[in-house]
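Visitor: Dropping a structure here in structure tokens format, bear with me for questions.
No value in this document is a laboratory result; all are computed from the given coordinates. Predicted model only: the values in this text are computed from it and were never measured. Here Cβ is always computed from backbone atoms with ideal geometry, including for glycine, and neighbour counts include all displayed protein chains.
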Amino acid sequence: MKPAVAPVKNVSATQIAFQNLLQRSYGVPGIALLHGPSGQGKTTATTYLYNQVNGIYVSARAHDSTSSLVSRIVEELGASPMHRISKCVDYIIEQMSMYERPLFIDEADYLMNDSRMLDTVRDIYDGTEVPVILIGMDQIARRISTRKQFYNRISEWVEFKPADLEDVQIMANYLLEDGIVLEEALLDHLRRSACGEMRRLVIGLSKIEALAIANEIELVTLDDWGDQPFHGLRQPT
Ligand SMILES: Nc1ncnc2c1ncn2[C@@H]1O[C@H](COP(=O)(O)OP(=O)(O)OP(=O)(O)O)[C@@H](O)[C@H]1O
Ligand SMILES: [Mg+2]
């Protein structure tokens, strides 16, 4: 499998949302929320984007406090540790403003448990007006809607949806080794078995690729694959 990011619809939607933030009119707030179930490609789409735009990326953790979160952002900016939260926040605001570096916070669900962390992210945004992108799971959209001050600053929402057949085709084109082509019926069978979840699609594609290489097949059909599962236990033969 090739180490590529396939430009599926969720990836394009993320890029469009980010462009909208950059080009927003005066007065329109600049926070985006990317949300969707596990394995749908949120972190991959974010990684692809922040590398292009010189973003700052942190992933929140279950035991984070305001102090540990801002310290990790400071570390990510290449500075030595600062002991006071206010110093960290000042430094982050200065760096984001000076170099127009957007801030990406993955696993942002963990911010929802602690209003001080969320308020600090809002302070950072208010102090810079440089885009801030939060990435979280399904429930984040609902939970954030109860935090009005934060919610009102979100101007772009991207809901990550399951891959459709066209997305699976794009993934096969980008990820499979050159010369291996899959029949549409097999792609659709894979899509349905994986419920359109990117993580499971990648596992399935890698198994199909291994079958193609082992048997020197160039066009792999549904018949070639048979009725074995793509994921989980193999059925006894
Ligand atoms: N656009 C893509 N192109 C290629 N592979 C992808 C793409 N999106 C996702 N994947 C694959 O699917 C896996 C899961 O994606 P990712 O970790 O981005 O999902 P997630 O939505 O962040 O999941 P979680 O909520 O569990 O963190 C990745 O490790 C990668 O292998
Ligand atoms: Mg993720």
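Visitor: With each label point set 7 Å from Cα along the Cα-Cβ vector, what nm distance links Ser80 and Leu222?
Guide: About 6.4 nm, to one decimal.
Visitor: Calculate the translational D of segment 1-55 in whole µm² s⁻¹ from Stokes-Einstein, where the hydrodynamic radius comes from the Kirkwood formula applied to all Cα pairs, the temperature is 20 °C and the viscosity 1.002 mPa s.
Guide: Values: Rh = 12.4 Å.
So the translational diffusion coefficient is about 173 µm²/s.
Visitor: Among Met98, Met171, Met137, what is the fewest-to-most ranking by other Cβ atoms within 10 Å? Before the final figure, lay out each step's value.
Guide: Working: Met98 10, Met171 26, Met137 17.
So the residues, fewest neighbours to most, are Met98, Met137, Met171.
Visitor: Further question: For segment 20-72, which chymotrypsin sites (Phe, Trp or Tyr not before Pro) are both in a DSSP coil and crowded by at most 14 other Cβ atoms within 10 Å?
Guide: Working: sites: Tyr26, Tyr48, Tyr50, Tyr57; in loops: Tyr26.
Counting only loop positions with at most 14 other Cβ atoms within 10 Å, the chymotrypsin sites (Phe, Trp or Tyr not before Pro) in segment 20-72 are Tyr26.
Visitor: Say each of His63 and Arg122 gets a label point 7 Å from the Cα, pointing the same way as Cα to Cβ; how far apart are those two points in nm?
Guide: Those two pseudo-labels are separated by 2.9 nm.
Visitor: Let me ask another. Compute the acute angle (0 to 90°) between the alpha-carbon long axis of helix 42-52 and the principal axis of greatest extent of the alpha-carbon atoms of the chain; round to the nearest 10°.
Guide: Compared with the principal axis, the helix lies near 70 degrees.
Visitor: OK, next. Computed from the mean reciprocal separation of all distinct C-alpha pairs, what Kirkwood hydrodynamic radius does segment 165-225 have, in Å? Mind showing how you got there, number by number?
Guide: Numbers: mean 1/r = 0.0893 Å⁻¹.
This gives a value of 11.2 Å.
Visitor: Skipping prolines and chain starts, which residues have an amide H placed within reach, meaning under 5 Å, of the one on Trp157, given they are 5 or more residues away or on another chain?
Guide: For Trp157, the qualifying residues are Leu33.
Visitor: Using Cα atoms only, what is the angle between the long axis of helix 184-193 and the major principal axis of the chain, expressed in degrees (0 to 90) to the nearest 10?
Guide: Taking Cα atoms only, the helix is inclined about 50 degrees.
Visitor: Efficiency by 1/(1 + (r/R0)^6): what FRET value for Lys87 and Ser12, r their Cβ-Cβ distance, R0 = 35 Å, to the nearest 0.05? Walk me through the numbers before you get to the answer.
Guide: On the way: r = 39 Å, r/R0 = 1.12.
Working from the Cβ atoms, E equals 0.35.
Visitor: Quick check: the distance between the Cα centres of segment 59-137 and segment 161-184, to the nearest angstrom?
Guide: Here the answer is 37 Å between Cα centres.
Visitor: Now for a different question. Roughly how many whole Å is it from the C-alpha centroid of segment 212-227 to that of segment 13-34?
Guide: So the two Cα centres are separated by 44 Å.
Visitor: Quote the FRET efficiency, to the nearest 0.05, computed for Ser193 versus Lys148 with a Förster distance R0 of 45 Å and r equal to the Cβ-Cβ distance.
Guide: On the way: r = 42 Å, r/R0 = 0.92.
Once rounded, the FRET efficiency stands at 0.60.
Visitor: Just add up the charged neighbours of Pro131: K/R +1, D/E -1, any other residue whose Cβ is under 14 Å from the Cβ of Pro131. Working shown, then result.
Guide: On the way: positive: Arg24, Arg101, Arg122, Arg153; negative: Glu100, Asp126, Glu129, Glu156.
After counting each charged neighbour, the total is 0.
Visitor: Obtain the nm distance between the two label points defined at Asp138 and Arg24 by a simple spin-label model: each point lies 7 Å from its Cα along the Cα-to-C-beta direction.
Guide: Each label point is offset 7 Å from its Cα along the Cβ direction, giving 2.8 nm.
Visitor: Something else about it: Working from the alpha-carbon coordinates of the chain, get Rg over Rh, Rh being the Kirkwood radius. Provide the component values of the computation, followed by the final result.
Guide: On the way: Rg = 20.8 Å, Rh = 19.5 Å.
On the Cα set of the chain, Rg over Rh gives 1.06.
Visitor: Oh, and also: Could you give the dipole magnitude of the chain about its Cα centre, charging the beta-carbon of Lys and Arg +1 and that of Asp and Glu -1, in debye to the nearest 20? Walk me through the numbers on the way to the answer.
Guide: Working: 23 positive and 32 negative charges, 223 e Å.
For this selection, approximately 1080 debye.
Visitor: What is the angle, in °, between the Cα long axis of helix 9-22 and the longest principal axis of the Cα atoms in the chain? Nearest 10 is fine, range 0 to 90.
Guide: Long axis of 9-22 versus the principal axis of the chain: about 20 degrees.
Visitor: First obtain the Kirkwood hydrodynamic radius of segment 79-189 from its Cα pairs, then insert it into the Stokes-Einstein equation at 25 °C and 0.890 mPa s, and state the resulting D in µm² per second as a whole number.
Guide: On the way: Rh = 17.1 Å.
Once the numbers are plugged in, D ends up at 143 µm²/s.
Visitor: Please list 3J(HN,Hα) in residue order for segment 60-74, calculated via the Karplus relation 6.51 cos²θ - 1.76 cosθ + 1.60 where θ = phi - 60°; whole Hz, with x for glycine and proline.
Guide: 5, 10, 3, 9, 5, 10, 4, 5, 5, 5, 5, 5, 5, 5, 4
Visitor: Count charges around Leu34 for me, please; just the other residues with Cβ under 14 Å from its Cβ, Lys/Arg as +1, Asp/Glu as -1.
Guide: Details: positive: Lys9, Lys42, Lys161; negative: Asp106, Glu107, Asp109, Asp138, Glu156, Glu159.
My count for the surroundings of Leu34 gives -3.
Visitor: Does anything in segment 2-29 have its amide N under 16 Å from the 7 Å Cα→Cβ label point of Glu177, and if so which residues?
Guide: Residues 2-4 fall inside that zone.
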